[in-house]
Each structure stands twice: as structure tokens, then as C-alpha cells.
Amino acid sequence: MLQKYKIDLFSDTNSELSSGMRAYMMEAEVGNEVAGEDPTVNRLLDRVCDLLGKEAAVFMPSGTMCNGVAFRVLCQRPGDTIILDKTAHPLHKASGLISGLVQSVPYLVDGKRGVFTTEQIQPIIEKPFGYNISQPRVVSIEQITNLGGGAIWPLNTIQDVCSFAHKNGLKTHMDGARLFGAVVETGIPAATYARSFDSVWIDFCKGLGAPMGAVLAGSKEFIEEAWYYKFQQGGGLHKAGILAAACLYGLDNNLPRLKEAHETTQELAKLLNNIPGIILDPQVVEANIILLKVEQSKSTAFFLEKELKKRSIRTLAVDTNTLRMIGHMSITKENIQTVYEAVSDILENSQNV
Ligand SMILES: Cc1ncc(COP(=O)(O)O)c(C=O)c1O
């Protein structure tokens, strides 16, 4: 029997589907996406091209497919190197995508909360050429970082890293699963963040409340190539307008609610910070991701996750000491009070597990 949790902080993909979105999907005009003839998909792609300042775009079922397809286009040969932070999502949560599908070598940067600098990637990019050496081809960043802890990449760091990469003949990729999270916090337009990248994608099921759907964008040539791999990975979507409608609805109706979801998460972080045994700097909760540490002498993240589940609160124990909570628009002020009380109670009564 599948369990539905009363409070689901596992991911922002777990927000409720609204009746308004469902109704809008029902009315969607559809056509053949594979032939470029779905009017609702085309409307979404035009909208995203405008938002991101890119020439062309393609609809994808998931962010993982966007990363896989983009990396395959941007790398030139099997064995090429992709440079990304050690916490990057495709390294940890995509069934070995980089080696298994893209056939590339990941170079892991030891960034700070998922954010790295030009100085950190300089040695790998400037290493001497050799026929026996894997060529660095792509620098990939996550805006905002997920397993890095919800950090927002500063625009000047992005510009610096990307311009260094380009000067050295590398391509740049932005995993924008939560790009709008950065946009609503900083006021910097999505197109300004996207400008430094050869490829960028955004997700509609994270924060924007759609059941699924992502859009990958770039130059016309890049998107032409992306179509090849999209098909190869089974990404021909036929009458996808019904899903694209949800994405459009998310942009119009849920994007304006994103800031509020961040504020609720930030309030939760402040509450949790008062609990003995929880190590968390609320200052670093820049958007909607909380990555907290459980003091070793008190308990473990696994224990806390298990005990919270018993109270119908779902979180994610990332490792023995680290617990992740992701806020979204279905989380209310009452919910965060409940979570705070539950965590306090569990830790107060835990016997050094
Ligand atoms: C930063 C990041 N990239 C990629 C993905 C994968 O997206 P999807 O679940 O749509 O495949 C996620 C999912 O949570 C993510 O957080």
C-alpha cells in the first residue's frame, strides 16, 4: 500500500497538483510533438526561448533527460571529460548517467555548497594535451544547487567560470532545475543567468507544480542535434500538449508563488535552528532547500527520517548526519510548526541512537 505523507518535504516535485492546472490540461490543444506540430508545446517553447534568451528549445519529459541529451551533444567523443561539482545531481541521482549513457569522464570539483570557482577548474582545463588524455569539453553547473545545499550561484562567478571555459574551447551547461528559485531571490532575470551557457534547461515539476516536463534550450544547431539524442532515448512525446499546458499554467500561476514557498522554508530553518542537536545556519537557506546536520552525539539523520515518517512527515536522509528538506507551495505555516515540534520531540527523547 503506497503511503501518502501529510507533510512531504522530500522534494518540491511532491507538491499537490491543483484543480486549476488539471482543468487547464484538459482543455489543451494538442498535435504531433514529434513533427513539431503540437501548438501547446510550441507555445511553451516560444515562451521559454523568450525567458532564457535562447534561439531554440525542445520539450523533454524530465530534467535527467535534458542533462543526458545536452552532455551527449556537447561532448565530442566517448571518453571526453565533463567538469562538475562533486555534489552534482547527474553524478548521484541519475543511475550513472555520465559514464553509463554519455560515456564521459566526470571531473569532480570540490566546490563550496555546489559552487566552484575558475581557480578550481583551471588545473584540469590547462593540463597539457596528449593523445592519451581525456579532453575536458564541458563545464556544468547547477542553479540552484541541490545536494550542494540550495546555494545560488552568484552571477559574477558564473560569468567568470563560463568565460574561462569558453576561452579554452569548452562548452558550458546549466542544469536549471530550480533556476527560477535563483531568479525570485536575486531579481536577476533568467536570461541573464542563461546568457553564459551553450545549453540550459528548466524544470516545471520543481516549484512550478507541473506533473512533469522540462525544456532544454540553446542555439538552433544545438537543438537540432538534441533532437537526435531525444529520439534515441525514447523522448518522442506525441501529443505532449497536455503536459506542456501544465508547464504554461505553472509559469503563469505558480511562479508568482515561489517566493512565498521560499519564505516558508526559511522560517522552518529558523525554527529548526533552535533545536539542540540540529546544526543549521539559517543564513545559508537561500531558497527552498534545507540541508541540516544532526549532531552525532544526539542521533542520526536516518533515525530522524524514520521517526518523522511515523508522524507522516517525509524528508530525506542524505547520509548518516545530513537530512534534507525541500519546501514548496503545498507546505503551510501550520506544517512547519508541526515539523518543528516533531523534530524537537524526537531529538529530546532519542537515546543516542
Ligand atoms: C539539480 C537537479 N538536476 C536534475 C534533476 C533531475 O530532474 P528529473 O527528476 O526531472 O529527471 C533534479 C531532480 O531533482 C535536480 O534537483
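General observations
- For the stretch 15-25, a residue qualifies if it is surrounded by 14 or more Cβ atoms within 10 Å (Cβ to Cβ) and assigned to a helix (DSSP H, G or I), and the qualifying residues are Met21, Tyr24, Met25.
- Output for the stretch 260-284, where each listed residue is of a type in the set (Gly, Ala, Ser) and either farther than 23 Å from Ser299 by Cα or surrounded by fewer than 18 Cβ atoms within 10 Å (Cβ to Cβ) (or both): Ala261
- Count of residues meeting criterion [under 26 Å from the mean Cα position of the chain (by Cα) and either exposed (fewer than 15 other Cβ atoms within 10 Å of the Cβ) or more than 28 Å from Arg195 (Cα to Cα) (or both)] in the stretch 26-58: 3
- Counting only residues that are in contact with a helix residue (DSSP H, G or I) (Cβ under 6 Å, 6 or more places away or on another chain) and among the β-branched types (Val, Ile, Thr), the stretch 265-290 holds 4 of them.
- Matching residues in the stretch 201-260 - criterion: being under 18 Å from Glu16 (Cβ atoms), part of a loop (DSSP other than H, G, I, E, B) and not hydrophobic (A, V, I, L, M, F, W, C): Lys206, Gly207, Gly209, Pro211, Gly213
- Within the stretch 307-348, the residues that satisfy the criterion of being out of contact with any strand residue (DSSP E or B) (no Cβ under 8 Å at 6 or more places or on another chain) and either farther than 23 Å from Glu16 by Cβ or not in a helix (DSSP H, G or I) (or both) are Glu307, Arg311, Asp319, Thr320, His328, Met329, Thr332, Ser344, Asp345, Ile346, Glu348.
- The residues listed here are Leu52, Leu9; of these, the one that is in contact (Cβ under 8 Å) with a residue 60 or more places away in the chain, closer than 23 Å to Phe204 by Cβ and away from the ligand (no atom under 14 Å from the Cβ) is Leu52.
- Residue list for the stretch 290-337, filter: within 20 Å of Asn146 (Cα to Cα) and among the small types (Gly, Ala, Ser): Ala301, Ala317, Gly327, Ser330
- Search result, residues across the stretch 101-116 that are away from the ligand (no atom under 16 Å from the Cβ), touching a strand residue (DSSP E or B) at 6+ places or on another chain (Cβ under 9 Å) and in a loop (DSSP other than H, G, I, E, B): Ser104, Asp110
- When Phe197, Phe180, Phe129 are checked against the criterion of being surrounded by 23 or more Cβ atoms within 10 Å (Cβ to Cβ), without any contact (Cβ under 8 Å) to a residue 40 or more places away in the chain and aromatic (Phe, Trp, Tyr), Phe197 stands alone in meeting it.
- All positions within the stretch 67-91 that are near the ligand (Cβ under 10 Å from one of its atoms) and either over 16 Å from the mean Cα position of the chain (by Cα) or more than 18 Å from Phe231 (Cβ to Cβ) (or both): Thr87, Ala88, His89, Pro90
- Any hit, the stretch 67-84, residues being aromatic (Phe, Trp, Tyr) and at pLDDT below 95: no
- Test: Pro123 is surrounded by fewer than 13 Cβ atoms within 10 Å (Cβ to Cβ) and part of a loop (DSSP other than H, G, I, E, B): no
- Breaking point among (1) more than 17 Å from Asp85 (Cβ to Cβ); (2) surrounded by 24 or more Cβ atoms within 10 Å (Cβ to Cβ); (3) more than 14 Å from the ligand (Cβ to nearest atom), for Lys206: (3)
The values are calculated or read from the model by the stated rules, or taken from the named source; none is laboratory data. Bear in mind that the values here come from a model prediction, so they are computed numbers and not experimental data. We place every Cβ from the backbone using ideal geometry, glycine too, and count neighbours over all the protein chains shown.
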